[in-house]
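Below you'll find the structure, written out as structure tokens, and then a few comments.
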Amino acid sequence: MKSLVIFKQFFHDVRRQKLRTLLTTFGIIWGTAATIILVAFGNGLYIHQEKQFLGLGERLVIVWGGKTALPYKGLPKGRWVRFTDDDIDMLKREIPEITMASPEYAGMGMLTYGKKTVSQNVIGVKPEWGAVRNMIPEAGGRFLDEIDLDYRKRVIFLGTDIRTDLFGEGIDPVGKYVTLRGTPFLVVGVLKQKDQNSSYRGRDTRKVYIPYTTFKTMWGHTHPENMIYQVADPARSKRVEAEVFKVLGRKYSFDPKDEQALWIWDTNDSLGEWRPFFEGFRIFLGIIGVFTLIVGGIGTANIMYVVVKERTREIGVKMAMGATRAHIMFQIIVESLLITAIGGFFGFFIAKFFEKAFPLLKLGEYVGDPVISPNTVFVAIAIIGSIGLIAGFFPARRAARLNPVEALKA
Amino acid sequence: MNNNGHLISMKNVTKVYKTGKIHVDALRGVDLDIGRGEFVAIIGPSGSGKSTLMNIMGCLDMPTTGEYHLDGRPVANMGIHQLSSIRNKKIGFIFQNFNLLAYATTFENVELPLIFAGKPGAYRKQRVMECLENVGLANWAEHKPTELSGGQMQRAAVARALANEPDIILADEPTGNLDSKSGGEIIDLFEQLNELGRSVVTITHDMNIAHRCHRIIRIMDGLIESEKHNGNGRDKNLTQD
Ligand SMILES: Nc1ncnc2c1ncn2[C@@H]1O[C@H](COP(=O)(O)OP(=O)(O)OP(=O)(O)O)[C@@H](O)[C@H]1O
Ligand SMILES: [Mg+2]
């Protein structure tokens, strides 16, 4: 309806109630900013955790040999299961849903460069292993390759921290030789710094990597410590696991239902387990924010009650001029929506500013940087809108129910 | 239906105000008919019930008992929406203290009833200017009420009352806050409106003004004490008890 008059009236009311309107708008700004920032933190934390889980690698399953707990086909329980490199190749062949499988050999080794010596975990793997475990090399380097593997080359890929220990931070050691167990190894690459919060046998940045063929000749191991495989679809990870039990059970004569025969860590599981926790945490933060907003909404309702009171006579005049209840209510509700909209607008920008500024504090490593998702914004707009509507509705209804004669006398 | 051609027809209308334990009998049984095109003054001492009567006429208030027909239709049966619509289209209110919106221009004040009537913008613009011309304020359209004199403010209020071409103008002491010259101009306006066929009812304390009306109704203690017709020499006393 009378758009211009409504705005005039709004600014008139704002001027008459400067401090009160300011405080109320501030309440809405604060509530909006708090809601969006808290949820953004919940988001950021989740993304941070997800990234760290994925630091280990995506869609991975790690398998150790176990000890049978069920008798099978006349064989007693309590037998050790130890698989070989060939078994791993067989699994990859027979189970199409396994997209990568590699043995992992592990042993301690003294590593020397110049006068510096460290004693470290040495891991022997296949080249494909690097890709699925997110072993991204720093610029100028590479991970192990097929030729290294086939020719049992003495090449080594260093964890970030090991490079720092031996060469110093940021120094590029590619092309230099280090001594491992008395044998010179050519450094082919260094792991790019990465976040990781789940691991086995320590963090990737504190290990060194060589072709598993080279490892076997140097350490004399015949069996890998464990294997690692990647599945095509995490949702079908359990099915693949059953297949692995079946294939290896056939070869080593154990019951495919014997859960102790192999120890399996399905990383697809662990992320899934955490998901509801983070979802809950995000909702919790959101609720705290919404409560702040509701307090702001109560402030808005309060100011609109004052506006109605101050404008009682005017409402009476309008009624005498033939205004319907809808006309009277419309004005009040629009004003309430304007206050919340302005507050929400500034609140959003404060939150947006915070989202941009927080990473400068460099705390993201611990708690993750806040991320404002479109969903958050959408939900916040809906909540602010409803609060403005409700905060306006009750004062508006009071205004519309005024007795015109009484109102005119006010 | 109770029509007998009257615009306003009241039968035994009473109004009791109840505030806590105190009951005030503001109207105690008023019978009153006002036809189309009449020019009526309501006089009487303070507290006699004039405003109460006018508020009921204007559908701002409801009688406690008795019947009120407006243009042949019983007001008691009307819903709030219908009452709003009647106040909007059939009635034009004018108050002693003008009651213009302070933050709006003269134009916007006059436009208000047209907005409530849901009239389109182009029509509103044309109609508002028409009304302002009728009251001699065409040049004051963009001014705020505070920039107008009392007489001009009341003329703006008259323009506002006319916006939806009501059947009847109800004015509660329209000259009460004005000097006699400005007050006279308002009554001049009323006379013009009346000559064009509109009913005008005005409450007044000023007998000079009352005598310019065609019919004078005197209220006393919530009752019509006497009635007098001016101009054609017909005097009529209706004493009631
Ligand atoms: N809302 C109300 N509550 C209680 N009593 C009221 C109310 N309104 C009016 N009255 C009383 O009703 C009576 C009639 O009041 P009304 O306003 O109609 O008088 P009036 O003739 O218009 O007087 P005035 O010339 O002073 O305007 C008075 O006694 C008044 O005190
Ligand atoms: Mg009065």
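The values are calculated or read from the model by the stated rules, or taken from the named source; none is laboratory data. Model, not experiment: these values are computed from the prediction. Glycine gets a Cβ as well: all are built from the backbone with ideal geometry, and neighbour counts include every protein chain shown. Please note that ligands, DNA and RNA were not included when accessible areas were found on the heavy atoms of the full protein model with its side chains. Shrake-Rupley method; radii C 1.70, N 1.55, O 1.52, S 1.80 Å.
Among the listed residues B:Ala76, B:Ala104, identify the single one that is away from ligand 2 (no atom under 13 Å from the Cβ) and either within 23 Å of B:Ala159 (Cα to Cα) or modelled with pLDDT of 95 or more (or both).
Details: B:Ala76 fails: either within 23 Å of B:Ala159 (Cα to Cα) or modelled with pLDDT of 95 or more (or both).
Testing whether each residue is away from ligand 2 (no atom under 13 Å from the Cβ) and either within 23 Å of B:Ala159 (Cα to Cα) or modelled with pLDDT of 95 or more (or both) leaves just B:Ala104.
Of the residues A:Thr84, A:Thr68, A:Thr99, only one is at pLDDT 85 or above and surrounded by 19 or more Cβ atoms within 10 Å (Cβ to Cβ); which? Even if it seems obvious, please write down each step before you answer.
Working: A:Thr84 fails: surrounded by 19 or more Cβ atoms within 10 Å (Cβ to Cβ); A:Thr99 fails: surrounded by 19 or more Cβ atoms within 10 Å (Cβ to Cβ).
Of A:Thr84, A:Thr68, A:Thr99, the one residue that is at pLDDT 85 or above and surrounded by 19 or more Cβ atoms within 10 Å (Cβ to Cβ) is A:Thr68.
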Matching residues in the range B:71-89 - criterion: being away from every other protein chain (no Cβ under 14 Å) and in contact with a Lys or Arg (Cβ under 8 Å, 6 or more places away or on another chain): B:Asp71
Number of the condition not met by B:Phe116 [criteria: (1) at the interface with another protein chain (Cβ under 9 Å from one of its Cβ atoms); (2) farther than 28 Å from B:Asn12 by Cβ; (3) within 16 Å of ligand 1 (Cβ to nearest atom)]: (3)
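Select the strands (runs of 3 or more DSSP E) contained entirely in the range B:1-52, then report the ones holding at least 1 residues which are within 11 Å of ligand 1 (Cβ to nearest atom), of a type outside the set (Lys, Arg) and crowded, with 20+ Cβ neighbours inside 10 Å. Explain how you work it out, then say what you get.
Numbers: elements: B:6-19, B:22-35, B:39-43.
Strands (runs of 3 or more DSSP E) meeting the threshold: B:22-35, B:39-43.
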The range A:386-410, residues that are open to solvent by less than 30 Å² (accessible area, probe 1.4 Å) and either more than 30 Å from B:Gln96 (Cβ to Cβ) or within 16 Å of ligand 1 (Cβ to nearest atom) (or both): A:Ile387, A:Gly388, A:Ala391, A:Gly392, A:Pro404, A:Val405, A:Ala407, A:Leu408
Given (1) within 14 Å of ligand 1 (Cβ to nearest atom); (2) buried (at least 17 other Cβ atoms within 10 Å of the Cβ); (3) closer than 25 Å to B:His211 by Cα, index of the condition B:Pro63 fails: (3)
